[in-house]
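Everything on this sheet refers to the single structure shown next.
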Amino acid sequence: MKKLILLTFLFSTAIQFHCLNAQELPQLRNVGNITRMYVDGKPFIMVAGELHNSSSSNLTYLAPIFPKLKEMGLNTVIASIAWEQFEPQEGKFDYSLIDGIISQARENKLKLCIIWFASWKNGLSTYTPLWVKKDSKRFFKLKESNGSTGEVISSFCKEAQMADAKAYVQLMKRIKEIDKEHTVVMMQVENEVGAFQDMDYNKQAVDLFKSQVPETLIRYLQKNTNNLSPEMKSVWQKNGSKTKGTWSEIFADTMKSAQNFFMTWQYATYINEICRLGKKELNLPMYVNAWLVQNSTDLPGVYPNGGPVSRVMDIYKAIAPDIDLCAPDIYAPNFKEILSMYHRPDNPVFIPESTTDQARAFYAYAEHDAICFSPFGIEDAYSNLAYRQAISVINELMPNIKKYQGTGKMRGFMRTKNSTRDTLNFGEDRVYVEYNKWDNTGYGMVIQTAPDEYIIAGITARITFGKRNPSKNIRLGQVFEGKFEGEKWVTSRMLNGDETWQHDCVLVTGRKAMIAQTLDGQIVPPQPGPNQPALESAKSTEVQTQIGRAH
């Protein structure tokens, strides 16, 4: 008879996380087979939200926002600092915003990830200072194939790179001076970079495109051939896996991969230098984020060409050692697919922008060992009861999430458009997740806490258990509904009989939810009323545990 620990909670179908060691900076560490974030010497998972772009541009505007985010249950806020406000005149720096943002976050016991809006934001150069914008000779712009130039700084402009880096170093120096409590735990350098062109047609760029592919990239391709992104591996091998030649000779194809790889190399080089110099002042983790390719047939330039999309992530890994990770901004519906592309041994999952879809948060933390999930425009979610409830349950689960990430004993499940069933493997055990027929809300996580014991948190799913060997059966022992208070399990009621279909299945339905069951085992939607999160535990009578003690 199988013992389980089961957590369930119910949300509406609407839209949709110490000991202070002053000597130890926030850092990323490889632990076992995953990368963890450490803050003040302890594992830290960001239950985060990113502010709207201009929300941190004025401290008076920002002041009422932080208390609301703390009330929502966040532990981290992603906020921006714009180069144009930080260095309004060349060489003259205004520290008032960064000082105020850190102070307000600290007062509300929130950690910060700072975005450096500088040379580029969403592929454009709208956050550069006026003195940069006005001097097109010194800070020359990207040139299009027809010879025209717009307002976007060329990634080949050394003067721009140097000026950007100088300001960034001053920002890191200021953070080091005033942030002894490690309120700032991470930095995002630039934002969704890339050119809306197949390449830059400035003379410097054209000449370099005709030159030999750098040996650094060739050595990386040779060393990591079996682990390259499918697109990069395919293009290189189709051209004969050459080790010498120009970008066109080694990477040419109908998708303009030569131009794509070349531009990516340049953007990665530019940004890595900024990170390198910034880390010399204050060695915090630093990352870049990606405006994703929306369709597999999109040519570079339809999306920002040169950004850290999955097909070119290897170039960032080859040339940019001071960029700690590449992070996807995920608004597209193929969430599972995107996570699988970005979750690599050399790239932990960090999601700085997404929707307030609580299913995504649960799935990212449980299935892909995410160190951050952060909806964009988080201040707009203050009135979103469903998402606030999701954060509450995630925070209840956080000790277990930290404990079981990377062990293979925690899995996420999330219904997609065409899925009605998922199978989760735990050694010899099989956990079968069936979803309702009428909606797309099923999601959650399963944690194996002992050979015959599980924790389950989720919504709108019917869960059964089996063995890899189909001749062996598993029956539920006992099921307890309850919650975590700190790390202590508190039972609210024991479930049996109709609630478990006579120990046949677990109906993941919700806390304080009125439900019924049909003959075919489908869950009937809850009756009108408050949708409060629920946790349940289940186990057999064969083994006693501290969680959901049975007699």
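The values are calculated or read from the model by the stated rules, or taken from the named source; none is laboratory data. Since this is a predicted model, take the numbers as computed values, not measurements. So basically every Cβ, Gly included, is an ideal-geometry build from the backbone, and we count neighbours across all protein chains shown. Just the protein is used for accessible areas: all its heavy atoms, side chains included, with ligands, DNA and RNA removed. Shrake-Rupley method; radii C 1.70, N 1.55, O 1.52, S 1.80 Å.
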- Pull out a ≥ b ≥ c, the square roots of the eigenvalues of the alpha-carbon gyration tensor of segment 331-423, then state rounded if a/c is under 1.5, prolate if not and a/b is larger than b/c, and oblate in the remaining case. rounded
- Message: Give me the dipole magnitude in Debye, nearest 20, for segment 352-474 about the Cα centre, with unit charges on the beta carbon: positive for Lys and Arg, negative for Asp and Glu.
- Response: 480 debye
- What ranking do 472-479, 93-100 get when scored by the average of other Cβ atoms within 10 Å per residue, highest first? 472-479, 93-100
- Translational D (Stokes-Einstein, µm²/s) of the chain at 10 °C and 1.306 mPa s when Rh comes from the Kirkwood sum over C-alpha pairs? 64 µm²/s
- Note on the structure: Calc'd 3J(HN,Hα), segment 100-106, phi into Karplus 6.51 cos²θ - 1.76 cosθ + 1.60 (θ = phi - 60°), Hz, glycine/Pro = x, comes to x, 4, 5, 4, 5, 5, 5
- Task: Please list, or write none, the lysines whose alpha carbon is within less than 23 Å of the alpha carbon of LYS92, excluding same-chain residues fewer than 8 places away.
- Result: LYS121, LYS133, LYS134, LYS137, LYS158, LYS166, LYS173, LYS176, LYS279, LYS280
- Item | Protection-proxy order for peptides 282-295, 258-271, each taking the mean of Cβ atoms within 10 Å per residue, highest first | 258-271, 282-295
- Query: Within the P(r) computed for segment 51-99, what percentage of the Cα pairs occupies the region above 18 Å?
  - Reply: 35 percent
- Query: For labels at SER492 and THR225 in the simple 7 Å Cα→Cβ model, what's the distance in nm?
  - Reply: 5.8 nm
- Which percent of the accessible area of segment 189-299 is formed by carbon and sulfur heavy atoms (probe 1.4 angstrom)? 50 percent
- Using the 2.2 N^0.38 Å rule of thumb for compact globular proteins, work out how segment 74-142 stacks up: its C-alpha Rg over that value, please. 1.31
- Please report, in debye to the nearest 20, how large the charge dipole of the chain is about its Cα centre when each Lys and Arg carries +1 at its beta carbon and each Asp and Glu carries -1 there. 980 debye
- Message: On a straight-distance basis, which lysines could pair with LYS467 in a cross-link, Cα separation under 24 angstrom, same-chain partners fewer than 8 positions away excluded?
- Response: LYS2, LYS3, LYS409, LYS539
- DSSP bridge pairs, the chain: antiparallel proportion in percent, nearest 5: 65 percent
- Item | Kirkwood hydrodynamic radius of segment 183-249, Cα pairs, Å | 14.6 Å
- Query: Rounded to the nearest whole Å³, what is the per residue volume of the convex hull around the Cα atoms of segment 301-372?
  - Reply: 93 Å³
- Note on the structure: Descending packing, highest mean Cβ count within 10 Å first, for 342-353, 204-215, 49-60, 229-240 is 342-353, 49-60, 229-240, 204-215
- Message: What is the percent carbon and sulfur in the accessible area of segment 332-480, measuring with a 1.4 Å probe over the protein chains and ignoring ligands?
- Response: 48 percent
- Excluding ligands and nucleic acids, what accessible area in Å² is computed for PHE117 using a 1.4 Å probe, to the nearest 10? 0 Å²
- Considering only protein heavy atoms, what is the solvent-accessible area of THR407 at a probe of 1.4 Å, reported in Å² to the nearest 10? 70 Å²
- Query: If you take the beta carbon distance between LYS417 and ASP380 as r and set R0 to 35 Å, what does 1/(1 + (r/R0)^6) give as a FRET efficiency, to the nearest 0.05?
  - Reply: 0.85
- Message: Using a Förster radius of 35 Å, what is the FRET efficiency between LYS134 and GLU249 based on their Cβ-Cβ separation? Nearest 0.05, please.
- Response: 0.30
- Note on the structure: Two pseudo-spin positions, 7 Å from Cα along C-beta at GLN294 and at ASP346, lie apart in nanometres by 3.1 nm
- Task: Please give every one of the lysines within straight-line cross-link reach of LYS244, meaning a C-alpha to C-alpha distance under 17 Å, and leave out same-chain neighbours fewer than 8 residues apart.
- Result: LYS210, LYS223, LYS233
- Query: Among rounded, prolate and oblate, which fits segment 382-479 when a ≥ b ≥ c are the square roots of the eigenvalues of its C-alpha gyration tensor, a/c under 1.5 means rounded, and a/b larger than b/c means prolate?
  - Reply: oblate
- Query: Solvent-accessible area per residue for segment 72-141 at a 1.4 Å probe radius, Å²?
  - Reply: 37 Å²
- Among LEU277, LEU171, what's the order by accessible area (1.4 angstrom probe), most exposed first? LEU277, LEU171
- Query: What's the extension gain from ALA332 to THR126 if we count 0.36 nm per residue and subtract their Cα-Cα distance?
  - Reply: 71.7 nm
